[in-house]
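Below: one structure, written as structure tokens.
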Amino acid sequence: MSAVHAHLAAPADLEQAERVLAAGLPTAKTEAWRYSVRALGEFDFAAPRYGSEALAWPGQAHDVLVVGPQIDGRSVDGVQVSLAARPGELAAGEAYFFARLMLADGTPCVHIEVARTVAPLRLSLLAPLSGYQALRVVITIAPGAEVQLIEDLHGGDPAGFVNRWFEVRIGAHASVQWLRWQRHAARSVQRTDIALASEARLTYCAMECEARFARHDLDVRLEGQGASASINGLAVVNGRQHQDTQLSVRHLAAGASSNTRWRMIASGRARSVFNGLIHVSPGADQSEAHLKTANLLLSAHAEINTKPELIIEADEVVCSHGATVGQLDDRALFYLQSRGVPLEEARRMLTVAFGGDVLSAISNATVREVIAAVIADKVGQ
């Protein structure tokens, strides 16, 4: 905490700073952080330093936001981007340490307002090579709009540290396809709050691949009657990578539905963590919610920690949850080898196929093929 104290020596919001310092960093006794607090490492609040080149993007998409040496707010047809301070209220993340840290130090807020149906929008977020980067983004989707959002997290180095907070509101009858591709090397923590109004639809797909340490708290709130969310995730870690996803899906209105598929693949001495909670609140009758996580261990020293949870406080609901952890099927490997496929190639084929359910949620075929190749390459390593 000494680095945090020094960082908040002259805070922008004294009240929030006092709350941050009083709460302190998460510890190993904090249930949601029990596997990750040690892997988080030390903080360095030095000014961020960036590389000269960003990773290329496969396929076509409009750049809406570029974060690197500076924040560029550019508007495209149907989308308004602005940079301004925002009042310090918290919605779902009231006790989230890193969100409060942003409020205390006065991190600026980027507003992205989508007024109508638009072409795919890419949020290009460049991580630093070293130092500390904080970014707060508020996205508002107008009622009835149909939007494809690409959250592209790239660049960086393990010496850099990233703190991000996304707040997203999806209007009534709007439809959003969201692809998150975490392919940067910096350590990162992120909170994403997504709220859906009546009859809004969300298809969310997360690809967690490259960071030495990555923590993502994803909170999806079905606030309107008939709202629906399809949440898909694939984490592929090797070496000594550490990836942690904390998912919360809250049914707050009647007739809402959600379906979550999450898969993790770990090799080397890597660790992948997934806690998935479905909470059907009082009054959210006729809800339907399903959560399934399947996981694959490719080495004796890799670790996967997964915990699905289900809280039901309403009547006439259909809910299910489950988790599996296993290894590649020896019979399938033998079959492929008997057909002339080398062992390592057979392992890659079966591993990519294991993530196929999640990959199929990516609508862009070019991006889907590139991510499949990344998975195959990591398995080969």
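With a ≥ b ≥ c the root eigenvalues of the C-alpha gyration tensor of region 139-226, is it rounded (a/c under 1.5), prolate (a/b larger than b/c) or oblate? Cα axes put region 139-226 in the prolate bin.
With neighbour counts taken as other beta-carbon atoms within 10 Å, the residues Asp329, Asp105 rank, fewest first, as Asp329, Asp105.
Taking 7 Å along the Cα-to-C-beta vector as the label spot, tell me the Ala376-Glu42 distance in nanometres, rounded to one decimal. Between Ala376 and Glu42, the label points sit 4.2 nm apart. I need the calculated FRET efficiency for the pair Gln337 and Arg240, taking r as the beta carbon distance and R₀ as 30 Å, to the nearest 0.05. The formula returns an efficiency of 0.50 here.
Charge tally around His173: other residues with Cβ under 13 Å, Lys/Arg +1 each, Asp/Glu -1 each, net 0.
One decimal place: the segment Glu288-Glu316 gains 9.2 nm when fully extended, by the rule 0.36 nm per residue minus the C-alpha distance. In the chain, a dipole from Cβ-located charges (positive for Lys and Arg, negative for Asp and Glu) runs towards its positive end, and of Leu153, Leu8, Val76 it is Leu153 whose Cα lies farthest in that direction.
Dipole magnitude for the chain: computed about the Cα centre from +1 point charges on Lys and Arg Cβ and -1 point charges on Asp and Glu Cβ, it is near 920 debye.
The lysines within cross-link reach of Lys29, meaning a Cα-to-Cα straight distance under 23 Å and a gap of 8 or more places when in the same chain, are Lys307.
Extension gain for the segment Ala56 to Ala22, taken as residue separation times 0.36 nm less the Cα-Cα distance, is 8.0 nm to one decimal.
Neighbour counts of other Cβ atoms within 10 Å put Tyr204, Tyr96 in the fewest-to-most order Tyr96, Tyr204. Only one of (i) 0.96; (ii) 1.04; (iii) 1.01 was calculated from the structure for Rg/Rh (Cα atoms, Kirkwood Rh), and its label is (i). Fewest neighbouring Cβ atoms within 10 Å first, the residues Lys29, Lys307 line up as Lys29, Lys307. Counted over region 2-328, the DSSP beta bridges are approximately 10% antiparallel. Helices in the chain, meaning DSSP H runs of at least 4 residues, each add -39500 (n - 2.57). Divided by all residues, the mean residue ellipticity at 222 nm is -5000 deg cm²/dmol.
Each reported figure results from applying straightforward, stated rules to the coordinates on display, with no laboratory input. Owing to the predicted nature of the structure, the values given are computational and were not obtained by experimental measurement. Neighbour counts are summed over all protein chains in view; Cβ atoms, including those assigned to glycine, are modelled from backbone coordinates with ideal geometry.
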